[in-house]
1. Applying 1/(1 + (r/R0)^6) with R0 = 30 Å to the Cβ-Cβ distance of residue 265 and residue 113, what FRET efficiency is obtained, to the nearest 0.05?
2. Report the equivalent ellipsoid semi-axes for region 132-267 in whole Å, largest first, defined as the square roots of five times the eigenvalues of the gyration tensor built from alpha carbon atoms.
3. What's the center-to-center distance, using Cα atoms, between region 238-299 and region 111-150 in Å?
4. Once you have the Cα-Cα distance between residue 132 and residue 243, take 0.36 nm times their residue separation minus that, and quote the gain in nm to one decimal.
5. In nm, to one decimal, how far is the modelled label at residue 227 from the one at residue 103, with both set 7 Å along Cα→Cβ?
6. Excluding same-chain residues fewer than 8 positions from residue 176, which lysines have a Cα within less than 17 Å of its Cα?
7. So, R0 is 45 Å and r is the distance between the beta-carbons of residue 157 and residue 96; what FRET efficiency does that work out to, to 0.05?
8. Show me the chymotrypsin sites (Phe, Trp or Tyr not before Pro) within region 246-291 that DSSP assigns to loop and that have at most 12 other Cβ atoms within 10 Å of their Cβ.
Amino acid sequence: MTGLTQHQIIDLLRQHVEAGCAQVLTQDPVANYQPAKAADHAADIAPSPRQAPMQAPSSAPSQAMHEAPQASLAPAAIAKPAPPMAKSSAPMAGSNEIKDAIALAQKQAASADTLDALHQTVQAFEHCALKATAKNCVFQDGVASAKIMLIGEAPGKEEDLEGRPFVGPAGQMLDKMLASIGLNRDATIYITNIVPWRPPGNRSPSAEEIAICLPFVARHIELVKPEILVLAGNIASKTLLGTQTGITKLRGQWQRYQPDGMNLKTLPMLHPAYVVRRPDTKADVWADLCELKKKLGTA
Ligand code: URA
């Protein structure tokens, strides 16, 4: 007996999953903090370098995927090869399954003709590992007919619970930022993220996860057809602009999002979560918001 109540055991399991220990059902203990993303089940499957070059979807600019930070906190003593993972339809990093998952996402995204159809398609998609640990698919918020579409990175804890993007502390900051130039999600903006499922423990989405979700984001943009795209933070900017330039250099400078047949005015901005952590960036954010307001012709 553990001496724990059923509620305590469930809470403990939940905490493990939140921290990224998604393999709660294996027989042997797993060193989830061991190198090269053992928690993503990558290192033990692909013996060669983890990052096989990725195939970016043809409907969106390539390159510039974000590397999730490598965890290196565990003492070497607990190092032990992770056991083979239980069978799952989610693809492994470095495997052909990533390419297959991207190809499938491209095909399914292309055949979604409406936002509702795309939402259903994303919700039913089983080939991104993030889905396994998320509670909800966080697809969108705001008004689809808005001139502006804002794209963030990934849902956090509150977004995962509620199934809506930007509802936690970063979301509250975003709402204040938007309100300062007269915008709000009830009428004048449409919001989504690069990945629709919360990465466990709030880590950054991996390059593979981003590549698999990208066809859906690209299709999402095509269906919304905004006049202006606002990219919040490094991951959204690098992913959709196909650049390695960081957000602190890129912010506030108008860019173009130009996959096949599209040419959208695009403004990279600091991520609201960064602004929460770094209040000294508020002057930069204000300058960028003024840029946006000017472009909307409402300044
Ligand atoms: N951060 C994001 O990038 N998106 C959200 O939805 C919430 C926090």
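Any read-out appearing in this document is the output of simple, stated calculations on the displayed coordinates, not a laboratory observation. Computed from a predicted model, the values in this text were never measured in an experiment. Note: ideal-geometry Cβ built from the backbone for every residue, glycine included; neighbour counts use all protein chains shown.
1. Working from the Cβ atoms, E equals 0.75.
2. One finds semi-axes of 21, 18, 15 Å for region 132-267.
3. 23 Å
4. Length gained, residue 132 through residue 243: 37.0 nm.
5. For the pair residue 227/residue 103, the computed spacing is 4.1 nm.
6. Hits, sequence-local ones excluded: 282, 293.
7. For residue 157 and residue 96, the calculated efficiency is 0.85.
8. Counting only loop positions with at most 12 other Cβ atoms within 10 Å, the chymotrypsin sites (Phe, Trp or Tyr not before Pro) in region 246-291 are 254.
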